[in-house]
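One structure is given below, encoded as structure tokens.
The values are calculated or read from the model by the stated rules, or taken from the named source; none is laboratory data. Small disclaimer: the values here were computed from a predicted structure and weren't measured. Calculation scope for accessible area: heavy atoms of the full protein, side chains included, ligands and nucleic acids excluded. Shrake-Rupley method; radii C 1.70, N 1.55, O 1.52, S 1.80 Å.
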Amino acid sequence: MQLIDGKKTAATIREQIAVDVKELLNKGGKAPHLVAVIVGNDGASHTYVNGKIKACELAGFKSGLVQFDADVTEEKLLQTVKELNEDDEVDGFIVQLPLPDHIDEKKVTEAINPDKDVDGFHPTNIGRMVLGLPTFLPATPFGILQLLEHYNIETSGKHCVVVGRSHIVGTPMTLLMSRKGNPGNCTVTMAHSRTKDLKEETLRADILIAALGKPGFITKDMVKEGAVVIDVGTTRVADATKKRGYAVKGDVLFDEVAEKCSFITPVPGGVGPMTIVSLLKNTLISAQRRQGLES
Ligand code: NAP
């Protein structure tokens, strides 16, 4: 079994991004500028956003943070989106999800200029992804593709099973693994909570991508010998032995599943760091395009 080290891979890719930023500056351009908008005090959301800002600094980006209390009006948030769309200094921005119930996430996502939508959630960018046109790929699936590429994992002709069909992970992942290309060219099964016999499906997977948000759900008996297992799940589970009072758990019962795999991602340190670095990659592409300085 080989461990897929997302932390190390992300650091390598981030170093290359930092080199590309220097090249952009040498050509007379400006450093990429990413802004994160966050609403409320959800601990996990703040952790993700802080991680994104820190990664920006390490890669030589300019970064900004717009913070609102949980009771901010939808109108005020949409006004901020409009201002960021119009701000020439900003290459890309994200509105950290989830948003409070009184705000329509769909409305906010659709208000973002697709050219600055570095999360790749806007319908225009999803449509471009489906058609195989240049676009911003959603950060988590994009990160997984880069991991597969980095570890030279053959995907062509393989059977890939994706568990989960969310708009941000499962659905784009399914599309990307089935597209013509490398990584890609898989025959893909998308499973979800209404799948009749999940184990029967997962046992057929050469590549199993778990994105359910249910800690330890994928057990040894559900995995084929020699499978590649990618664990997207990140759920906070109370753990009094940890300083923070919780541990982050994946959807795969790592200790028992690992022994059956050819490759497996850990949690933490697998897909998570790749999501952040993919966001930086999208922002770099946006900055290069906007300045007419594509490499
Ligand atoms: P989500 O929107 O809650 O979607 C979960 C999906 O899993 C749904 O499609 C659901 O099916 C399916 N599901 C739930 N229970 C199931 C079961 N018993 N059997 C089969 N399918 C089941 O979650 P998400 O946003 O995709 O996130 C999934 C996990 O990935 C979470 O732990 C999240 O924190 C994590 N995540 C990590 C990163 C990262 O960077 N590492 C990024 C994004 C998300 P239905 O559609 O039928 O309800």
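Return the whole-Å distance between the Cα centroid of region 101-155 and the Cα centroid of region 193-227.
So the two Cα centres are separated by 24 Å.
Can you list residues from other chains, or at least 5 along the same chain, whose modelled amide H is less than 5 Å from the amide H of Ile218?
Val252, Leu253
Enumerate the amide H contacts of Gly40 below 5 Å, restricted to partners 5 or more residues apart or on another chain; note that Pro and chain-start residues carry no placed amide H.
Phe68, Asp69, Ala70
Apply the a/c threshold of 1.5 to the C-alpha gyration tensor of region 27-114 and tell me whether it is rounded, prolate or oblate.
Numbers: a/c = 2.60, a/b = 1.40, b/c = 1.86.
In terms of gyration-tensor shape, oblate.
Taking amide hydrogens as modeled 1.01 Å from N in the peptide plane, which residues meet the under 5 Å criterion relative to Gly64, leaving out close sequence neighbours?
Here Leu34, Val35, Ala36 satisfy the definition.
Where the accessible area of the chain is counted over protein heavy atoms with a 1.4 Å probe, how much of it, in %, is carbon and sulfur?
C and S fraction of accessible area: 51 percent.
Please report the antiparallel percentage of DSSP beta bridges with both residues in the chain, rounded to the nearest 5.
Working: 4 of 33 bridges.
So the antiparallel bridges in the chain amount to around 10 percent.
Residue by residue through region 194-201, what is 3J(HN,Hα) from phi via Karplus (6.51 cos²θ - 1.76 cosθ + 1.60, θ = phi - 60°)? Round to whole Hz and write x for glycine and proline.
9, 4, 5, 10, 4, 4, 4, 6
Please report the antiparallel percentage of DSSP beta bridges with both residues in region 27-114, rounded to the nearest 5.
Working: 0 of 11 bridges.
Restricted to region 27-114, the bridges split so that about 0 percent are antiparallel.
Can you list the HN-Hα couplings for region 264-273, worked out from phi with the Karplus curve (6.51, -1.76, 1.60; θ = phi - 60°), rounded to whole Hz and with x for Gly and Pro?
These are the phi-based 3J(HN,Hα) values: 8, 9, x, 10, x, x, x, 6, x, x Hz.
For the chain, with every protein chain kept in place, what is the accessible area per residue (1.4 Å probe, Å²)? Please list the in-between numbers first.
On the way: 14250 Å² over 295 residues.
It amounts to 48 Å² per residue over the chain.
When DSSP beta bridges are limited to those with both residues in region 139-273, what percentage is antiparallel, rounded to the nearest 5? Please list the in-between numbers first.
Working: 4 of 20 bridges.
Just about 20 percent of them are antiparallel.
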